[in-house]
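Structure record follows, encoded as structure tokens.
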Amino acid sequence: MIQHKKTWLAIALTAVAGFEGLRTEAYKDPVGIPTICFGYTAGVEIGDTATVDECKQLLTDEVISHGLAVSNAVTVDLSHEEQAAYTSFTYNVGAAAFQRSTLLRKLNSDDRVGACNELPRWVYASGVKLPGLVKRREAERELCLSGIQ
């Protein structure tokens, strides 16, 4: 039986949803930013609510947007796993941080293992090392490395 690889989008959606968790009422994230759904922050105010369907659509739109930001910044071909790992990372830290990163410089110079190994360095939020980010980055690193032949 032939098994087909999931596309990067399916992998990234699963990863981001798992890391972020679903909350249909706005809350403050660990650094005090109003957040809703699966870690969405743009224009969110405490008191906002969303339906599960709205959150799923927002997640899909945001993962696609962040995946495109990764694709537009990267000059080497990525496996589905690498694309998903970097999309999850970018969803969390933002496209601007990804574009300025040593990780991207390593990736674009074809140091794929070195780029994956940069992920665990990104575990601080407002100067505080967060256990959830440690776990997330290690999972992203493992996913990333699994896509390198």
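Only the coordinates and a few stated rules stand behind these numbers; no lab work does. Keep in mind it's a predicted model, so treat the numbers as computed, not measured. Cβ: placed from backbone, ideal geometry, glycine included. Neighbour counts: every protein chain shown.
Tabulated values for the structure
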quantity	calculated
Under DSSP loop assignment and at most 16 Cβ neighbours within 10 Å, longest trypsin sites (Lys or Arg not before Pro)-free interval of the chain	7-149
Glu138-Ile64 pseudo-label distance in nm [points 7 Å out on the Cα-to-Cβ vector]	3.5
Helical mean residue ellipticity (222 nm; -39500 (n - 2.57) per DSSP H run of 4+; nearest 500) of the chain	-17000 deg cm²/dmol
Computed magnitude of the charge dipole of the chain (debye, nearest 20; Cβ of K, R +1, Cβ of D, E -1)	480
C-alpha long axis of helix 80-93 to longest principal axis of the chain, angle in °	40
Computed label-point distance, nm, for sites Tyr27 and Thr75 using a 7 Å Cα→Cβ extension	4.2
Euclidean distance of C-alpha centroids, the range 14-51 and the range 85-149, integer Å	21
Qualifying GluC sites (Glu not before Pro) in the range 1-81, DSSP loop, other Cβ atoms within 10 Å at most 15	Glu45
Added length on full extension, which subtracts the Cα-Cα distance from 0.36 nm per residue, Ser109 to Thr49	17.3 nm
